[in-house]
Each structure stands twice: as C-alpha cells, then as structure tokens.
1. Kindly list, by first and then second residue, each pair from a residue in the stretch 382-397 that is within 16 Å of residue 344 (Cα to Cα) to a residue that is surrounded by 15 or more Cβ atoms within 10 Å (Cβ to Cβ), limited to pairs with Cβ atoms under 8 Å and residues at least 6 apart or on different chains.
2. Tell me the residue from 244, 206 that is over 23 Å from the mean Cα position of the chain (by Cα), modelled with pLDDT of 95 or more and more than 24 Å from residue 157 (Cα to Cα), please.
3. Based on what the data block shows, is residue 61 in contact with a helix residue (DSSP H, G or I) (Cβ under 6 Å, 6 or more places away or on another chain) and crowded, with 18+ Cβ neighbours inside 10 Å?
4. Any idea which of (1) surrounded by fewer than 17 Cβ atoms within 10 Å (Cβ to Cβ); (2) touching a helix residue (DSSP H, G or I) at 6+ places or on another chain (Cβ under 7 Å); (3) more than 16 Å from residue 406 (Cβ to Cβ) is the one residue 291 doesn't satisfy?
5. Residues that are in contact with a strand residue (DSSP E or B) (Cβ under 8 Å, 6 or more places away or on another chain), crowded, with 16+ Cβ neighbours inside 10 Å and more than 22 Å from residue 359 (Cβ to Cβ): does the stretch 153-166 have at least one?
6. With respect to the numbered conditions (1) free of Cβ contacts under 8 Å to residues at least 24 places away in the same chain; (2) loosely packed, with under 15 Cβ neighbours inside 10 Å; (3) within 20 Å of residue 374 (Cα to Cα), which one is the sole condition not fulfilled by residue 23?
7. Kindly indicate the residue of the stretch 167-218 that is in contact (Cβ under 8 Å) with a residue 60 or more places away in the chain and part of a loop (DSSP other than H, G, I, E, B) and also surrounded by the fewest Cβ atoms within 10 Å (Cβ to Cβ) among those meeting that condition.
8. Working only within the stretch 245-273, note down all residues that are under 18 Å from residue 171 (Cβ atoms) and assigned to a loop (DSSP other than H, G, I, E, B).
C-alpha cells in the first residue's frame, strides 16, 4: 500500500479526528429555513422549554399542568431552569445538552445566569446564528420535516419563496395516513382534489396526484410518516389502502424513498401536550412484508423501541432496499446510542446511517452532534482496533472514507 498504515498506537486518535472533523448531512430534523418565520425555533428559552425538559420538570415540581400552560414561555423557562438547573443538577441527557450547547457557544455556564444567556441570543440575527450553529456542529445540511397539511407551513410553500439551500425538504404525510377520515379527506377536498371517504379509484388517483404535485413543488429527499407500534401491513384500513395504492407507486415513480418511523403512542398523557407522547414495541412483520413485496421501493426506517433494534438489523441483512437510520427520540440517549451503533456495525458493517439529530430547535444541533460524535467515534475506534488485532492493515484515507459514508455518503447513495 502506498499510504502509511495506521499503527495501534495512533489508531484511536486517527478515528476520533476523522469523526470529529467530518461534516454531516443530518437526514431528519424538525428545523425550518428562515422564510418559515416563527416555525424556525432557536434561542435559550426555546431550548429550555423543549418538551423533554417539560416532562422532566413535572417530575420535580408541584406546579399544576393547568398553571404551567397558562404561563408565558419566559415564565415556563424560568420555572424549568430553577427546577432542573438550580434546585437539581442538570444531569439528564436533555439537561446536559443545554449545558453543552451554552458552553460550545462560549457562554459562562458556571454563572447559571439565565438572563445573561437571553441577552446573548437577543443580540443575534437568525441568519448569522444559523451559520454559527452549522459551523460549531459541523453540519453541512439538514433535512426538514415538511407537512403540506399544516396551515402555517403550506402558504410558504405556495409562495415559492426560496430559503437557505442547506435546508433540504422531506414530505411528511402523517395526516394522510393516520387521520384520513378525521381530517385529511376534508383538507384534500378544500385543496381542490376530488377525494371521498370510501377511497374510490378516483379518490386514490387524486391522492396520487396530490403527492406528485407536492413532490414536484418540494423536491423532497423522501416521504415520511410516524406510525404507532400496532401498525400492520397489509392492513384493512384507510392507511393500509393508501400505502398500497398511493404511497408505494408514487415512491417508485418519483424515486422518492418512503421513511417509516415506527413505535410512537400519541398522547399517553394528554396533560403534557407535545411532551405527552409515549412508545411501544412494534411487530416487525409489517416491515418484513413491505420489504419483501416491494423490492423496487426504497425504505428508510428507524424504530422507537430498544427491543426492536436487533430484529431491525437482521432485516437489514436480508433486504438491500432497507436503510436503517438514527437513534430516534427516546433512543437518543448515550447508553442506547452506543449499544445500538455497536450492534448495527457488527451486523451490517458500514451500510447504515448511525445518527440523525431529530432537532426541533436549531441550537440542539450543537449538543446532539457533539454527544453523538463522541459515542460513534468510540465504537468505531474499538472496531478498527479489532481489525488491527486480526492482522488487517488500515490507512487514514480508508478511515476517512468510511466516516464520510456514515455521515452522509450512505444516505445519498441510497436515495439516488
């Protein structure tokens, strides 16, 4: 080999440096480009009132749900800060994430001075702050979550205002699949599509036309849906019929993968509002059937239950039309990320997307990628050491190639 091989003595440093320096394509977020206005969330009060911390606060405060939701965002942030950061050490992953973010921004976290943090963000312009966050997180681009049924988001798309090109789109279709009779049918009719509740052949054709129209408008990287743990396929329901007759053929026609995020139970505790969703273990027969019966379709999949992860990896070994991605939501905790990343690499090698941020607040990119890089780097260093111990010769260029694939290359090779 023409390039110097990596020795056991400098292997770990080489792997960690490759992971830390590699720009990432964050394939699933809930962020928005600036033309979407207030839908783009950023700043310390948004960070502190993130729904993870709201749920955690209610475990430590006597404030009632009703009183909390009557508070202004500033008042909510004050309560959460006092409860989780002053009266208790911010040791949970969600709390630590805020500390990491403030520290990476150069703020004095030892001061615990919330007002000084607010003053810092008040002095920033959002466009400048996007540049700063992307630079600190070493994020090249993010994929948004874009819902054409959303009354706040839809007009921006119809206005055809161009945004920051680092924000790519994904077509979110939850209302269509999970609430067709309750809401989507009437909305589609209002949008000018000739649909009906019986899902006649005419209506199915109109749904396909709707999807095609929005694919042409958004140019999404994929279509996506969150599904409950009891999701089945095939399924004798409106959702099952729309997937079979609309989503799958449109996905093939436009070469737009179908992303399934399975395992969420909505409003387990409705008093918590957005923080009240839970999770459950899925029966992956649904996914096995989809993969086997639609091998010309591409599927991006992440699951919410830790108990489903091994079976998902085995399915990944059997079906090349499956790309496993990220540690989603309740899976996005250090002990689980490390375990699942190791399991995936042991079963699937380098043919996965190890992480996405799922960020709802711009600032979260900083801590989610800092923490994830540390964990992914540790696992990769261990696995390359195993190779060296087995007599394999590795080079710096090969390690950099592999890391680039994990942090963006695999995604683009799969979707193109």
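The values are calculated or read from the model by the stated rules, or taken from the named source; none is laboratory data. Computed from a predicted structure; not experimentally measured. Backbone-built Cβ (ideal geometry, glycine too); neighbour counts: all protein chains shown.
1. That search, which allows pairs on different chains as well, returns 382/342; 383/342; 383/345; 384/6; 384/11; 384/15; 384/394; 384/399.
2. Of the residues listed, the single one that is over 23 Å from the mean Cα position of the chain (by Cα), modelled with pLDDT of 95 or more and more than 24 Å from residue 157 (Cα to Cα) is 244.
3. no
4. (1)
5. No, the stretch 153-166 contains no residue that is in contact with a strand residue (DSSP E or B) (Cβ under 8 Å, 6 or more places away or on another chain), crowded, with 16+ Cβ neighbours inside 10 Å and more than 22 Å from residue 359 (Cβ to Cβ).
6. Residue 23 satisfies all of (1) free of Cβ contacts under 8 Å to residues at least 24 places away in the same chain; (2) loosely packed, with under 15 Cβ neighbours inside 10 Å; (3) within 20 Å of residue 374 (Cα to Cα) except (1).
7. Within the stretch 167-218, the match that is surrounded by the fewest Cβ atoms within 10 Å (Cβ to Cβ) is 170.
8. 255, 256, 257
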